[in-house]
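Colleague: Let me give you the structure first, and then I'll get to my questions.
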Amino acid sequence: MEWANDGKSKGGVLAHLERLEIQVNRSRKNLEDPQRAQAVESALGTKIHKLRCLRDELRAEVKQRQARVKASTVNVEPDQTLEISEQEVVERRKENVKAILQAYRFTGLSGKLTSRGVCVCISTAFEGNLLDSYFIDLVIQKPLRIHHHSIPVFIPLEEISAKYLQTNIQHFLFCLCEYLNAYAGRKYQADRLQSDFAAFLAGPLRRNSLCNLLSFTYKVEPQGQSFPFCARLLYKDLTTALPTDVTVTYQGMDALSPAWEEQRASHENLFFSKPLHQVFTSFARKGEKLDMSPVS
Amino acid sequence: MDAQRAEVRALEAEIAALRRACEEPRAAGEDTWRAQKSLREMYQSDSEGWASSKDLRSHLGHLESELLFLSTLTGISVRNYSMKTEDLTNTEKKEKSIMKVLQRHRLSGNCHMITFQLEFQILEIQNKESLSSVITDLNIIMEPTEYSELSEFVSRAEERRDLLMFFRSLHFFVEWCEYRKRTFEHFKEKYPAAVHLPEGAASSCMVVRSACQPGFELVIIWRVQIDEEGRVLPKLDLLPKAPQQALELDRNRVLETAPLSFRALLGALGIEAALESLIKSLCTADYD
């Protein structure tokens, strides 16, 4: 996948984390250097004064608006007008922000700031099915460090972090997101095949933990005269949920009739282009249709 | 000093809330704007009324900075979100310990210059062994709609109910569009006489003309495409224009093969260097 090469977004996220790091270092420095601490304190004092003035200005403006609105609603009885305290305004805003923070999981990346840095949560989904989420806890230090995480061991985390973690956190996380979502999609397909279409399988589904190598023997009709085919699906590209290599073979002694050879080839195409469980859903549907046709 | 910092954060949060209060429109006649006796109280008890809500405001400050972090990280700024739930469990399901809940979500925000409004439904089914969460409906409204590449992508995302892919691809799409705009603007600034942006820097077209060689034109079309899997890729094409005479003299068929050569150039040098070398090659006389 191509990355838009710019320093802007990197600056944004990294700058933010650096600011947090500075805050941590500052409080540590203040213990060590009282003279410097005093200078910082007086700077803060000035800032507080400025903010207080701004706040008073805004309060006055809000009060003016109040007076104007009140003047235009003369007929309303004073006791009928509800009052909200300034505290309620803040409370409401807080609830709103909390809800929005929860909603970020739908973008794929959400997280919380921690005392050390940030804990990012990566959500996964496949075709509208919301699947597992994984977390990664980052410590803001130079160099940026992963404190702990719940990423499965077969995802190439070290490789991805060596490439991106120190230079561009955003790319690091989006890249992980890609790998995890693809893995979750492959796993979902394999699970669905095993649970929903066990009747079609003549033998166990063999799979590895990364779910990128699957092999199984299947019949197009669970109880029928169809031949068993062996399928081997390889997903070389770990960022996709569709296979890169598909082989469907016939495990018999006799040669396949042309009709069956055609089927075998079409099956190969199906496995390339559609998710696994959808391929079997279409087998099931075709089977239903065959039941309805007269026996020849 | 930490107390001072907390006060700064609380003041900032209060200022933000007051600013928002000033922005909210007045509803004529209705008491949407409630009278605030407590405002007076706030003036009087500067320190005492404040002490109790100090924690509240500094907590809000912390949450706001978390929000800022997430919006910077994802490139997506969520401005509003609400959810309603509806319990669909009936007595028959309860006996089998199956719970069904339908959630209706509403989410709106923007990704740079593109604003979106989403409404989606999630069906949660909890049985003894597991919990499944499925997006059963997804509606996406986007504006501005001048990015034609987006409408097809949006319909695909709605069809597949792939919310995560929608956001991920949107983020990369916008990044690429911004990069394209910055690149076009950069070249316009560097070669103001040669480079023309007939549809503006935010469009997909850049024209290179040489003052010394009128009649020759290189039109570069740079599209940002989103494929079936949601991957965002730039696609650049070169359309050279030349006077009839030049075409007749072009025995090596340079002009004919230019589009293909351009693709090769892109692969070798990357986008910026390829564009720069194109501009320089057409306008060598201008800049000698």
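The values are calculated or read from the model by the stated rules, or taken from the named source; none is laboratory data. What you are looking at is a predicted structure, and each value in this text was computed from that prediction instead of being measured. Reconstructed Cβ throughout: ideal geometry from the backbone, glycine too, with neighbour counts over all protein chains shown. Each accessible area value is taken on the protein alone, full model and side chains, heavy atoms only, with ligands, DNA and RNA left out. Shrake-Rupley method; radii C 1.70, N 1.55, O 1.52, S 1.80 Å.
Colleague: Tell me, what is the per residue accessible area of the protein assembly as shown in Å², probe radius 1.4 Å? Mind showing how you got there, number by number?
Modeller: Numbers: 31570 Å² over 584 residues.
On a per-residue basis, 54 Å².
Colleague: Semi-axes, largest first, in whole Å: what does sqrt of 5 times each Cα gyration tensor eigenvalue give for the range B:233-280?
Modeller: On the way: eigenvalues 103, 21, 18 Å².
Semi-axis lengths for the range B:233-280 are 23, 10, 10 Å.
Colleague: Computed FRET efficiency, Cβ-Cβ of residue B:250 and residue A:244, R0 41 Å: what is it to the nearest 0.05?
Modeller: Working: r = 42 Å, r/R0 = 1.03.
Efficiency for this residue pair is about 0.45.
Colleague: Taking residue B:128 as the anchor, which lysines have their alpha carbon closer than 26 Å to its alpha carbon, excluding any fewer than eight residues away along the same chain?
Modeller: Within the straight-line limit of under 26 Å, residue B:128 reaches these lysines: A:187, B:84, B:93, B:94, B:96, B:100.
Colleague: How large is the accessible surface of residue B:250 in square angstrom, using a 1.4 angstrom probe and rounding to the nearest 10?
Modeller: 30
Colleague: Suppose the chain between residue B:257 and residue B:115 were pulled fully straight at 0.36 nm per residue; how much longer would it get relative to their current alpha carbon spacing?
Modeller: Working: separation 142, 0.36 × 142 = 51.12 nm, distance 4.10 nm.
Taking 0.36 nm per residue and subtracting the Cα distance, the gain is 47.0 nm.
Colleague: Using a basic spin-label model with each label point 7 Å from the Cα along Cα→Cβ, how many nm lie between residue B:96 and residue B:277?
Modeller: 6.6
Colleague: Magnitude of the Cβ-charge dipole of the range B:110-257, K/R +1 and D/E -1, about the Cα centre, nearest 20 debye? Could the numbers behind the result be given before it?
Modeller: Numbers: 17 positive and 24 negative charges, 136 e Å.
Roughly 660 debye, rounded to the nearest 20.
Colleague: On to the next question. What FRET efficiency, computed as 1/(1 + (r/R0)^6) with R0 = 60 Å and r the Cβ-Cβ distance, is obtained for residue B:129 and residue A:64, rounded to the nearest 0.05? Could the numbers behind the result be given before it?
Modeller: Working: r = 62 Å, r/R0 = 1.03.
Calculated value: 0.45.
Colleague: Also, quick follow-up: Give the long-range amide H neighbours of residue A:140: residues separated by 5 or more places, or on another chain, with amide H under 5 Å away, using H modelled in the peptide plane at 1.01 Å from N.
Modeller: Residues meeting the amide H criterion: A:117, A:118.
Colleague: Using the alpha-carbon centroid of each, what span in Å lies between the range B:126-203 and the range A:105-169?
Modeller: Measuring centre to centre over Cα atoms gives 23 Å.
Colleague: Which lysines does residue A:219 reach when only Cα atoms under 21 Å apart count, and residues fewer than 8 places away in its own chain are ignored?
Modeller: The reachable lysines, counting only those whose Cα sits under 21 Å from residue A:219, are A:274, A:286, A:289.
Colleague: How large is the accessible surface of residue B:100 in square angstrom, using a 1.4 angstrom probe and rounding to the nearest 10?
Modeller: 50
Colleague: Ok, one more. Determine the residues within the range B:217-233 where the difference in accessible area between the chain on its own and the full set of protein chains amounts to at least 30 Å²; count protein heavy atoms only and use a 1.4 Å probe.
Modeller: With the partner chains in place, the range B:217-233 has these residues losing at least 30 Å²: B:229, B:231.
Colleague: Please give the FRET efficiency for residue A:22 paired with residue A:146, using the beta carbon to beta carbon distance and R0 = 25 Å, rounded to the nearest 0.05. The partial results should precede the final answer.
Modeller: Details: r = 21 Å, r/R0 = 0.84.
That pair, residue A:22 with residue A:146, gives E of 0.75.
Colleague: Projected area of the range A:174-284, taken from the Cα convex hull and averaged over every viewing direction, in nm²?
Modeller: Details: hull surface 27.4 nm².
Mean shadow area of the hull around the Cα atoms is 6.8 nm².
Colleague: Please report the carbon-and-sulfur percent of the accessible area for the protein assembly as shown; probe 1.4 Å, protein heavy atoms only, DNA, RNA and ligands left out. Walk me through the numbers on the way to the answer.
Modeller: Numbers: 16270 of 31570 Å².
After summing per-atom areas, the C and S share lands at 52 percent.
Colleague: Further question on the same structure: Please report, largest first and rounded to whole Å, the three semi-axes of the ellipsoid equivalent to the protein assembly as shown, where each semi-axis is the square root of five times an eigenvalue of the C-alpha gyration tensor.
Modeller: Values: eigenvalues 506, 307, 129 Å².
Those come to 50, 39, 25 Å.
Colleague: For labels at residue B:55 and residue A:15 in the simple 7 Å Cα→Cβ model, what's the distance in nm?
Modeller: A separation of 3.5 nm, rounded to one decimal place.
Colleague: Give me the accessible area buried between chains A and B, both sides summed, with a 1.4 Å probe, in Å² rounded to the nearest 100.
Modeller: Numbers: alone 20230 and 19600 Å², together 31570 Å².
Result for this pair: about 8300 Å² buried.
Colleague: Leaving ligands, DNA and RNA out of it, rank B:284, A:217 by accessible area with a 1.4 Å probe, largest first.
Modeller: Values: B:284 80, A:217 40 Å².
Final ranking, largest accessible area leading: B:284, A:217.
Colleague: Still on this structure, I have one more. Measuring from label point to label point, each 7 Å out along Cα→Cβ, what is the residue A:232 to residue B:86 span in nm?
Modeller: About 5.1 nm, to one decimal.
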